[in-house]
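The next block holds one structure in the form of structure tokens; read it before the comments.
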Amino acid sequence: RAKTAGRGCSVRFEPSFRAEFDQRLELEQGLARALLHDEFELFYQPQIDLATGALAGAEALIRWWHPRRGLLTPGAFMPVANASSVSDAISLWVLRRACRQAAAWSDAGHPIRIGVNLSPSQLLFGDLAATVADVLATTGLSPSRLELEVTEDILIADDEAAARTFGQIRQLGVQIAFDDFGTGYGSLSYLKKFAPDRLKIDKSFVHELTIGTDDAAIVRSTIGLGKQLGLSVIAEGIEHTDTVGLLRSMGCDEGQGYLFGAPMRAATFEQTFFVAPRTDVGRGGRADAA
Ligand code: C2E
Ligand code: MG
Ligand code: MG
Ligand code: MG
């Protein structure tokens, strides 16, 4: 980096800068190795139908079993991954793995929706629609069970390219959700331009939701906006039982958050929701509960 930045100007290596650079380089090399050594794993977080308490879907969230540092969440490595050459390979791995898992669950009699987060380069470069079509074909997952999650900031980078890709994805029958809705720099016109299927209200508005607050006004308005446009709305970051009732009274369709379950390993997800579903907070029992 210093080399390219340094033409005609001098870059002084502060010790802290140097350390940061080394750390980043190590992380980048580690990411490439991680794919080869199968150190990534997808965790799954439940998405609950607030009216019935039934399981509606799961969001796939990447984790890295780092050989030295232990289990890492995406905040610790995705920013570096997205800026590196391994980004595309990781993204493809995530898409394949999530679709394969959802297809397996569907075959086992649990046809739930699977949410997959898109990285910026996936939407803006390459042929995402063709890749998605290929992954659906090889895994056998029904397109209607796949939902791709994008943040507004990804769309801003090149909204023409994004709109084109969205059109192709929609043709496949795959759904699109706006993630972290309300926190990005996107304008409301993006709702018209990209016509997503679902809004995911960001957890910052939801996690401490109480009646009469600014958060309540924002959440209520967002749900209303979504409903008016015929979109499904899901609230992220539900941590308290009281929040469920409040969201339900506001007409929110679905919820996701630690209250219903933190992101968990596939086997734990199956154990919790398919084998022995709990019947407490916010979720009804299942007729086929063991
Ligand atoms: P996101 O897509 O908005 O995912 C939701 C994040 O909120 C997850 O963090 C989840 O663990 C966390 N969360 C869920 N419920 C609660 C709650 O009740 N309270 C609080 N405080 N947090 C909650 P995580 O897994 O660390 O992921 C962070 C972000 O990293 C994700 O945000 C997503 O943007 C990105 N990411 C995760 N997996 C992937 C991936 O496979 N590919 C790409 N491109 N990005 C990913
Ligand atoms: Mg997401
Ligand atoms: Mg989110
Ligand atoms: Mg996020």
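The values are calculated or read from the model by the stated rules, or taken from the named source; none is laboratory data. From a predicted model like this one, the values you see are computed outputs, not experimental measurements. Ideal geometry is used to build each Cβ from the backbone, glycine not excepted, and the neighbour counts take in all protein chains shown.
I want to confirm something. Restricting to the range 198-213 and keeping residues that are among the aliphatic types (A, V, I, L, M) and not in a helix (DSSP H, G or I), which single residue is farthest from ligand 2 (Cβ to nearest atom)?
Ile211
Please enumerate the residues belonging to the range 158-204 that are free of Cβ contacts under 8 Å to residues at least 12 places away in the same chain and polar (S, T, N, Q).
Ser187, Ser189
With (1) within 16 Å of ligand 3 (Cβ to nearest atom); (2) buried (at least 21 other Cβ atoms within 10 Å of the Cβ); (3) assigned to a helix (DSSP H, G or I) as the list, and Asp153 as the residue in question, which single condition is left unmet?
(2)
Results for (1) among the polar types (S, T, N, Q); (2) under 17 Å from the mean Cα position of the chain (by Cα); (3) modelled with pLDDT under 95, shown as yes or no for each residue.
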| position | (1), (2), (3) |
| --- | --- |
| Gln175 | yes, yes, no |
| Asp179 | no, yes, no |
| Lys193 | no, no, yes |
| Ile201 | no, yes, no |
| Leu209 | no, no, yes |
| Gly212 | no, no, yes |
| Gly226 | no, no, no |
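Can you find a residue that is modelled with pLDDT of 95 or more, of a type in the set (Asp, Glu), within 16 Å of ligand 4 (Cβ to nearest atom) and farther than 20 Å from Thr52 by Cα anywhere in the range 230-242?
No, because not a single residue in the range 230-242 is modelled with pLDDT of 95 or more, of a type in the set (Asp, Glu), within 16 Å of ligand 4 (Cβ to nearest atom) and farther than 20 Å from Thr52 by Cα.
Answer with yes or no whether Trp105 is more than 18 Å from the chain's Cα centre (by Cα) and surrounded by 20 or more Cβ atoms within 10 Å (Cβ to Cβ).
Spelling it out, Trp105 is indeed more than 18 Å from the chain's Cα centre (by Cα) and surrounded by 20 or more Cβ atoms within 10 Å (Cβ to Cβ).
Return the only residue of Glu41, Glu59 being of a type in the set (D, E, K, R), within 16 Å of ligand 3 (Cβ to nearest atom) and at pLDDT 95 or above.
It is Glu59.
Looking at Leu225, Leu231, Leu191 in this structure, which one is more than 16 Å from ligand 3 (Cβ to nearest atom), among the aliphatic types (A, V, I, L, M) and buried (at least 18 other Cβ atoms within 10 Å of the Cβ)?
Just one listed residue meets the conditions, Leu191.
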